[in-house]
Amino acid sequence: MYSLEFTVNGQLCQVAVDLKTTLLEVLRDKLFITSPKVGCNTGDCGTCSVLMNGKLVRSCITNALSAQGKEVTTIEGLAEAGELHPLQEAFHDNYGAQCGFCTPGMILASKALLDENPKPTREEAKEALSGNLCRCTGYGKIIDSVMAAAEQMAQAKS
Amino acid sequence: MTMKVVGQRVKRYDGMAHVTGETRFVDDVIVPGTLTIKAFRSPVAKGNIKDLDTSAAEAMPGVAGVITAEDVPCNAYGLVPDQPVLVEKAVRYKGEPIAAVAAVDEDTAVEAINKIKLDIEEEKPVFDPLEAMKPDAPKVRPEGNVFMFGERPFRQIILGDVEEGFKKADIIVENEYLHPSLEHAQLEPQASLAVPDAGGKLTIYTVSQALYFHLGQLLGILQMEPDKVQCKQWAPRTGSSWRHNAGFSDINYVGGTVGGGFGAKNDIHADHVTALLALKTGQPCKWRWTREEDLLYSTFRGAWRMTIKDGITKDGRIVARQIKSIRDAGAYSTLNFYVVDKHSFLAAGPYFIENVYVQGYCVYTNKPPASSMRGFGITPATFATEVQIDKIATQLGMDPWEIRFVNAFRKGEHTATRRVVNSVALVEVMQKLAEKAGVDLPDKLMTMTSTERG
Ligand code: FES
Ligand code: FES
């Protein structure tokens with residue numbers, strides 16, 4: 001057993017893990033943070049996506065120990081001071097979430113995109129989200145949501 | 001007057017929980033002391049179990065319980081109860097569950113599964129429904145490979161007289177269409193959590209899309225109210241076997257939060273096994289299928305082979321349509337027969353055709369059981385009939401739009417089952433569609449209406 005120390009949504013955590021524990025297992029089974037979902041457990045669907053030091057990772061194929069000393073964000077950590085992140089508002093307003101199973105991963109992937117490219121084109125948004133599968137929406141309303149959030153964030157800045 | 005809901009954009013009632021990550025799917029329900037379940041599945045598509053030895057698995061530290069067919073009070077379920085929860089003797093498809101283990105963690109459960117010894121006599125399977133229909137084909141099911149719709153080995157729909165219709169036709173167009181099987185690929189795999197209480201009752205967290213159907217079936221499998229629920233072993237279908245008199249209070253069935261279904265969760269996949277192991281071990285039991293299991297062994301849209309023979313007059317009217325459809329049902333009835341019913345009722349399409357004859361077959365093969373998927377059997381029929389319309393158009397040298405306009409339902413006409421259609425708008429929908437697609441249709445079509453057959 002090894003001791004993993006890292007920050008999750010601003011909180012310092014210490015968890016005992018072994019060499020084959022994944023980050024997803026730590027989050028779901030040890031910390032009971034269930035927003036990252038087990039869609040495939042093989043790195044193919046994106047439902048387990050989280051941010052690690054701001055970068056999008058698939059937690060099901062991320063070794064837990066690689067989070068040592070890092071900062072992990074799940075969707076529970078997006079709201080600030082009780083205010084939803086504009087992406088959360090936009091997904092709700094634009095019907096970007098249907099069954100909701102892909103939604104936490106989808107919103108985090110969108111956040112990773114907007115942090116890097118605040119004014120993406122629809123094509124760029126599609127490309128950035130291409131690793132996150134959604135079976136319900138057909139993606140149109142997800143891209144609408146991302147574009148609406150980008151717009152809203154740009155307005156808030158100016 | 002402005003309405004609050006009608007005509008307004010209304011946000012999803014569950015949308016806020018989705019975007020904050022608060023939505024709790026079955027696998028997100030965490031109960032202390034929950035055991036992990038893994039299944040022991042058949043390595044062959046058809047065979048006869050000679051011996052099953054689970055003793056080494058049971059003896060393993062960390063294993064709380066192992067179940068086999070012997071542990072299932074009524075080992076036959078489904079609307080036509082022909083499917084075992086766990087195979088007793090006859091394996092009918094590769095991956096069919098034979099035993100299940102509940103252990104303290106996944107690694108232990110997997111190790112225990114690997115210790116189960118199976119002696120099975122492999123038999124020759126049949127995979128192609130056309131082969132399975134032959135009299136000397138290997139038997140998937142003891143009563144025969146073709147599902148009986150009452151007296152007949154197919155669902156029959158007759159309207160008018162197709163032979164007479166063909167005589168009136170100027171041309172005959174006959175084609176065969178194949179529709180492959182399809183997986184729903186919903187993002188949430190099959191999952192179930194059963195939590196027993198001290199009084200022998202259960203709370204089951206389910207992904208079911210059909211809660212009351214499944215609750216009735218579960219009570220039958222578990223025989224929870226023995227005087228009320230009779231275990232009906234499979235018998236040829238004489239009517240609905242739905243158990244409406246079961247004691248619903250024995251199971252607190254918690255559902256409604258489904259991570260995508262599309263028909264994949266209209267059959268019980270996991271709730272029966274979690275329930276049995278929870279009752280056996282007295283501990284909460286969770287079973288989450290792997291994606292691989294879900295792709296390989298959960299239900300799916302079965303494949304179809306459809307032959308359509310149409311008689312058409314020179315003006316494009318279809319005057320007779322004869323359809324023979326064969327559904328590859330896999331090994332069990334599930335909802336297959338209902339899928340074939342719906343297919344047969346509506347296979348003639350949204351067109352008024354005076355002479356229709358449909359034969360819908362439902363054929364068993366040694367594959368995982370197919371079942372419902374969006375549209376049940378209608379979607380494959382639509383594929384076939386619409387391609388057929390394009391082929392008719394080519395053969396007649398007519399615009400395919402025109403064939404559709406000329407044949408589309410008008411108000412007051414009826415389907416092949418004589419169901420009168422009163423709210424029809426296919427003509428108007430096609431006009432709008434043409435506009436949006438930038439297709440210039442002749443006035444003759446653009447002035448048609450659904451109220452009159454011009
Ligand atoms: S669960 Fe990690 S990519 Fe699918
Ligand atoms: S909303 Fe259901 S999978 Fe995306």
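Restrict the check to the stretch B:296-319 and report whether at least one residue is within 14 Å of chain A (Cβ to nearest Cβ), out of contact with any His (no Cβ under 8 Å at 6 or more places or on another chain) and more than 16 Å from ligand 2 (Cβ to nearest atom).
yes
Can you confirm whether the stretch A:79-99 contains a residue that is modelled with pLDDT under 95, under 24 Å from A:MET147 (Cβ atoms), away from ligand 2 (no atom under 14 Å from the Cβ) and part of a loop (DSSP other than H, G, I, E, B)?
Checked the stretch A:79-99: at least one residue is modelled with pLDDT under 95, under 24 Å from A:MET147 (Cβ atoms), away from ligand 2 (no atom under 14 Å from the Cβ) and part of a loop (DSSP other than H, G, I, E, B).
From the list B:VAL19, B:VAL91, B:VAL85, B:VAL66, which residue is crowded, with 20+ Cβ neighbours inside 10 Å, closer than 27 Å to B:LEU187 by Cβ, more than 14 Å from chain A (Cβ to nearest Cβ) and not aromatic (Phe, Trp, Tyr)?
Values: B:VAL19 fails: more than 14 Å from chain A (Cβ to nearest Cβ); B:VAL91 fails: closer than 27 Å to B:LEU187 by Cβ; B:VAL66 fails: closer than 27 Å to B:LEU187 by Cβ.
Going through B:VAL19, B:VAL91, B:VAL85, B:VAL66 in turn, the sole match is B:VAL85.
Conditions first: (1) open to solvent by less than 90 Å² (accessible area, probe 1.4 Å); (2) part of a loop (DSSP other than H, G, I, E, B); (3) touching a residue at least 24 places away in the same chain (Cβ under 8 Å); (4) within 13 Å of another protein chain (Cβ to nearest Cβ). B:VAL44 passes all but one, so which condition is the exception?
It fails just one condition, (4).
Restricting the search to the stretch A:31-55, which residues are surrounded by fewer than 22 Cβ atoms within 10 Å (Cβ to Cβ), under 20 Å from A:ALA112 (Cα atoms) and within 13 Å of ligand 1 (Cβ to nearest atom)?
Hits for the stretch A:31-55 are A:GLY43, A:ASP44.
Got a number for residues in the stretch A:57-77 being surrounded by fewer than 22 Cβ atoms within 10 Å (Cβ to Cβ) and either of a type in the set (Ser, Thr, Tyr) or more than 11 Å from ligand 1 (Cβ to nearest atom) (or both)?
11
Please specify each residue of the stretch B:172-218 satisfying the condition of being of a type in the set (Phe, Trp, Tyr) and either within 16 Å of ligand 1 (Cβ to nearest atom) or more than 14 Å from chain A (Cβ to nearest Cβ) (or both).
B:TYR177, B:TYR212, B:PHE213
Kindly evaluate B:VAL31 against the criterion of being touching a residue at least 60 places away in the same chain (Cβ under 8 Å), of a type outside the set (Phe, Trp, Tyr) and open to solvent by less than 30 Å² (accessible area, probe 1.4 Å).
Numbers: touching a residue at least 60 places away in the same chain (Cβ under 8 Å): yes; of a type outside the set (Phe, Trp, Tyr): yes; open to solvent by less than 30 Å² (accessible area, probe 1.4 Å): no.
Criteria not met by B:VAL31.
Restricting the first residue to the stretch B:177-194 and requiring it to be closer than 30 Å to B:ILE326 by Cα and of a type in the set (Phe, Trp, Tyr), which pairs with a second residue that is away from ligand 2 (no atom under 12 Å from the Cβ) and open to solvent by less than 10 Å² (accessible area, probe 1.4 Å) meet a Cβ separation below 6 Å and a spacing of at least six or different chains?
The qualifying pairs are B:TYR177/B:MET306; B:TYR177/B:ALA384.
Given A:GLY96, A:GLY105, which one is in contact (Cβ under 8 Å) with a residue 12 or more places away in the chain, buried (at least 23 other Cβ atoms within 10 Å of the Cβ) and more than 16 Å from ligand 1 (Cβ to nearest atom)? Full working, then the answer.
On the way: A:GLY105 fails: more than 16 Å from ligand 1 (Cβ to nearest atom).
Answer to the selection: A:GLY96.
Criterion first (under 30 Å from B:PRO142 (Cβ atoms), modelled with pLDDT under 95 and not assigned by TED's automatic domain parsing to the domain that holds B:MET373) does B:LYS265 satisfy it? Let's see the steps before the verdict.
On the way: under 30 Å from B:PRO142 (Cβ atoms): yes; modelled with pLDDT under 95: no; not assigned by TED's automatic domain parsing to the domain that holds B:MET373: yes.
When the stated conditions are applied, B:LYS265 does not pass them.
Go through the stretch B:128-230 and tell me which strands (runs of 3 or more DSSP E), entirely inside it, have 3 or more residues that are under 30 Å from B:ARG24 (Cβ atoms).
B:191-196, B:202-206
In this structure, does A:LYS126 turn out to be in contact with a Phe, Trp or Tyr (Cβ under 6 Å, 6 or more places away or on another chain), touching a residue at least 12 places away in the same chain (Cβ under 8 Å), away from ligand 1 (no atom under 14 Å from the Cβ) and not in a loop (DSSP other than H, G, I, E, B)?
On the way: in contact with a Phe, Trp or Tyr (Cβ under 6 Å, 6 or more places away or on another chain): no; touching a residue at least 12 places away in the same chain (Cβ under 8 Å): yes; away from ligand 1 (no atom under 14 Å from the Cβ): yes; not in a loop (DSSP other than H, G, I, E, B): yes.
So A:LYS126 fails the test.
Each row is one residue, and each column tells you yes or no for (1) closer than 23 Å to B:HIS184 by Cβ; (2) in contact with a helix residue (DSSP H, G or I) (Cβ under 6 Å, 6 or more places away or on another chain).
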position	(1), (2)
B:ILE318	no, yes
B:LEU346	yes, yes
B:ALA384	yes, no
B:LYS391	no, no
B:LEU396	no, no
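With the requirement that a residue be under 27 Å from B:GLU111 (Cα atoms) and at the interface with chain A (Cβ under 7 Å from one of its Cβ atoms), what does the stretch B:22-39 give you?
B:ASP27, B:ASP28, B:ILE30
Out of all the residues in the stretch A:2-23, is one or more assigned to a helix (DSSP H, G or I) and in contact with a helix residue (DSSP H, G or I) (Cβ under 9 Å, 6 or more places away or on another chain)?
Quick first cut of the stretch A:2-23, residues assigned to a helix (DSSP H, G or I) only: A:23.
Going one step further and asking which of them are in contact with a helix residue (DSSP H, G or I) (Cβ under 9 Å, 6 or more places away or on another chain), we end up with A:23.
Yes, because at least one residue in the stretch A:2-23 is assigned to a helix (DSSP H, G or I) and in contact with a helix residue (DSSP H, G or I) (Cβ under 9 Å, 6 or more places away or on another chain).
The values are calculated or read from the model by the stated rules, or taken from the named source; none is laboratory data. These figures come from a predicted structure and were not determined experimentally. For neighbour counting, all protein chains shown are included, and Cβ atoms are generated from backbone atoms with ideal geometry for every residue, glycine included. Quick note on the areas: whole protein, heavy atoms, side chains included, nothing else; ligands and nucleic acids left out. Shrake-Rupley method; radii C 1.70, N 1.55, O 1.52, S 1.80 Å.
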